[in-house]
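Only one structure is covered here, and it is reproduced in the block below.
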Amino acid sequence: MEKRFSGINIKLKSKTIYYNTLNPVNWVKKVIMKKLIACMLFALMGTYVTAQNDTVETAITDQTFQDQLIKEMDEMLDLWYIKSQVHKVISPSLVDDTTEVVFSDSLIYKRLREINTVVPLAYNNSVKRWIELYVYKRKKSSSVLMGLSEYYYPFMQEIFDKYGVPEELIYLTIIESGLNPIAVSRVGATGIWQFMYGTGKVYGLEVNTFVDDRRDPLKATDAAARHLKDLYNIFNDWGLAISAYNCGTGNVRKAITRSGGKTDFWSVRPYLPRETQNYFPAYIAALYLATYHQQHGIPAAKISIPFSVDTVMIQNEVHFEQIANVLDIDIEEIKILNPQYKRMVIPAYSESYPLRLKNKDIIRFLELKDTICHYKYTDYFMPIKVYQGMFTGEAVQSTDYKKLYHVVKSKESLASISAKYGLSVTELKQMNKLKSNYAKPKQRLFVGYEYVGQAPKDSLTDSTKVIMQTDSLAVPKPQQEINPKNVQPKPQKDLIYCVKKGETLSSIARKYNVSLKELMTYNKIKNPNSLTVGQKLKIPRN
């Protein structure tokens, strides 16, 4: 028996729909379901695309922040005192592992919980990513960071304890600067604690042509402790206080408002600036590294930075090279111990400034301070006389100096040129109206002023002064008649000579046409090899 299917074709909007006249309800349900499924698929695709875009954007931001941390660590490794001994201090067994890392989440979580701190620590994928960076991908840098921490952290802990701030917050310096006291960010934040100019001023950090206290680890740490304490008093949460240190109180307040008034970091985090969302998790990773680096086979590198140092207050302007040449010490060591002086000049024109040296060098400095201050004064201070007005108010005549230019050589950078002339890259760019950070070979750059006037009388060395006094014998007036028999010759004063770098007793004896034995006897010197730079010698007069 033949069965027939009864139905009609209905044409709607140029589309033919087969209408089942036997069961119209089922037909309507199918049409509605198809449309609902289509709408849901469209919505899901839209959500998927949005999620993908958000994930990509977050990944890019995370990578940017990670690149910034890696850049800081690379700059830290490029510091002179690290670079000069990096092959000696870093264990050969340390190898950076850039492959995908697998480690026990439960173990890391347990270790974080065992850290005694008032800062609320958490463990999640974000924190895990930064721990991987420090303990696996950058083992060598982490070893040096732990070595530097043995130098900086003892006095930092004392300062934080003085203000009642949790001592473990000193590990923010790992993220801020990689423990580099002369670090400068792309936005101008400077020093081991990365203070912006305005914030530094609020906390009493002096910044001028010659001095930048943001680069002084002691003063900057004191300011950072007070700043963090103030931030905690505002937000009453260390996670938010640490975030505000990175992005400012205004941005954190906005994030709290957008979160609906939440008051803890993890609830407010999605509303913070992208970089700051990573900042507190990176701090947790830095704290983990400082606590458990030995468990990951990362020893603290043994870095030779002078620990036994002392401070003397300087009453007169002095250049680092004057100190280095007279005391015969490495100028890089002076720069390490005194990073706040931007141009290697201690500008004690109208007030005292501190100088840090090794204990034994401080004693020698005090013994020879007059010689040091007069040593080649004209050579070191006349080229920068144009800058002294900000301290002395003394106007510089245009005839006293001329502009000094530098012709760029192949492979030279703005950074190397600015360092050579005691400038920052920003200053060099401003002086030459440069928009980019690149210098072209044979390009002529204005780098400062060169003194062309006469040297002031007080810039003469001790030995020159003595020579002038000795040669300035009284001459009788022409009209005065003198009997030569009655004239008693004036006793000649000893000529005092200050020993310079590279000189020996023999070379000085030849210079003044005396014998080595006579020079040694006259100065009661038993060992001719015991001569030191800056030592004063009496020259016998024949």
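None of the figures in this text is laboratory data; all of them are computed from the coordinates on show. This one's a predicted model, so the numbers in the text were calculated from it and none came from an experiment. Ideal geometry is used to build each Cβ from the backbone, glycine not excepted, and the neighbour counts take in all protein chains shown.
Spin-label pair Glu518-Met196: with each label point 7 Å from Cα along the Cα-Cβ axis, the two points sit 7.1 nm from one another.
Reported to the nearest whole Å, the Cα centre-to-centre distance from the range 225-268 to the range 313-346 is 41. Sorting 264-274, 186-196 by average packing, meaning the other beta carbons within 10 Å per residue, from highest down gives 186-196, 264-274. Our estimate of slack between Lys376 and Val407, defined as 0.36 nm per intervening residue step minus the Cα-Cα distance, is 8.6 nm.
In whole angstrom, the range 255-340 maps to an equivalent ellipsoid with semi-axes of 45, 22, 10, each derived as √(5λ) from the alpha carbon gyration tensor and ordered largest first.
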